[in-house]
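Chemist: I'd like to ask some things about the structure below.
Nothing in this text is a laboratory measurement; each read-out follows from the coordinates by a stated rule. Just so it is clear, the structure is predicted and the values come from calculations on it, not from any experiment. Glycine also receives a Cβ, built like all others from the backbone with ideal geometry; neighbour counts cover every protein chain displayed.
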Amino acid sequence: MKTKKKAQGGAMSCLECGAHLRTERRPYRYRFKGGLSVTLENATVMGCPVCGAESVAIHAPARLHRAVAEAVVRKASRLAASEVAFLRHHLDMTGEQMARHLGVSKTSVSRWETGREPIGQVPDRLLRTLVLLQDWRARPDLGLFARLGSTAKPSHIKVKLQGEDWKAAA
Ligand SMILES: [Zn+2]
């Protein structure tokens, strides 16, 4: 008869203080490189009951990135600084590469991403188009381009893990 190995304790311990972490599913505000912060509606959050340290387990990170990019591309107001940076990372481009794709200077891209200057209304549409071309699955709503507002305000994006995929949440 085989001896069953004792299950490796499912509970992980806190890197800060060593206490056992509690895992719960709850909304979590996640910050991407470039500053965009998004609510993950049903994130798996591991929290330390002793010192309060918190970490989040990101399931299917590439799909999460794509769901957020879809939501950013569909927003009805001009792209905000952190959203421009997010879309550039999503396209896996350097500032210089994106500048070349959009036909602008590297300085312009850097000014948009630091918020010193809002992205122009034409490069805004072109950037969204590049993302839509790359993520063909995101059915484009071309009418949106005609309705786009000119104010650059960050939108509060929420996404939810459904099965194996991330979806924009209302
Ligand atoms: Zn702790």
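Chemist: Okay, helix-only estimate at 222 nm for the chain: each DSSP H run of n ≥ 4 adds -39500 (n - 2.57), divide by all residues, round to 500 deg cm²/dmol; what do you get? Please report the intermediate quantities before stating the final value.
Modeler: On the way: 6 runs with 60 residues, N = 170.
Helix-only estimate at 222 nm: -10500 deg cm²/dmol.
Chemist: Report the paramagnetic label zone for K167: residues of the stretch 36-60 whose backbone N is under 19 Å from a point 7 Å from Cα along the Cα-to-Cβ axis.
Modeler: Within reach of a label on K167, which here means backbone N under 19 Å from a point 7 Å along Cα→Cβ, the stretch 36-60 contributes 39-44, 59-60.
Chemist: Can you compute the FRET efficiency between A19 and A60 using 1/(1 + (r/R0)^6), with r the Cβ-Cβ distance and R0 = 25 Å? Round to the nearest 0.05.
Modeler: Efficiency at R0 = 25 Å is approximately 0.30.
Chemist: Out of all DSSP beta bridges in the stretch 20-170, what portion is antiparallel? Express it as a percent rounded to 5.
Modeler: Values: 17 of 20 bridges.
The antiparallel fraction comes to roughly 85 percent.
Chemist: With an 8 Å cut-off on Cα pairs and a minimum separation of 6 or more residues, tell me the relative contact order of the chain in percent.
Modeler: It comes to 25 percent, rounded to a whole number.
Chemist: What does the net charge come to around P154 if you take all other residues with beta carbon closer than 15 Å to its beta carbon, with K and R at +1 and D and E at -1? Spell out each step's value before the answer.
Modeler: Values: positive: R29, R31, R74, K75, R78, K153, K158; negative: E83, E113, D124.
Counting the neighbours of P154, the net charge comes to +4.
Chemist: Between the stretch 39-59 and the stretch 135-170, how many Å separate their Cα centres?
Modeler: So the separation of the two Cα centres works out to 25 Å.
Chemist: Just to be sure I understand the model, the point goes 7 Å from the Cα along the line to the Cβ. What's the resulting R125 to R31 distance in nm?
Modeler: Going by the 7 Å Cα→Cβ label model, 3.5 nm.
Chemist: Okay, moving on. With r as the distance between the Cβ atoms of H156 and A53 and R0 = 35 Å, compute the FRET efficiency 1/(1 + (r/R0)^6) and round to 0.05.
Modeler: Efficiency computed from Cβ-Cβ geometry: 0.85.
Chemist: Determine, from the Cβ-Cβ distance of A76 and E117 and an R0 of 22 Å, the FRET efficiency 1/(1 + (r/R0)^6), rounded to the nearest 0.05.
Modeler: Approximately 0.55, to the nearest 0.05.
Chemist: State the volume of the convex hull built on the alpha-carbon positions of the chain, expressed per residue in Å³ and rounded to an integer.
Modeler: Roughly 166 Å³ of hull volume per residue.
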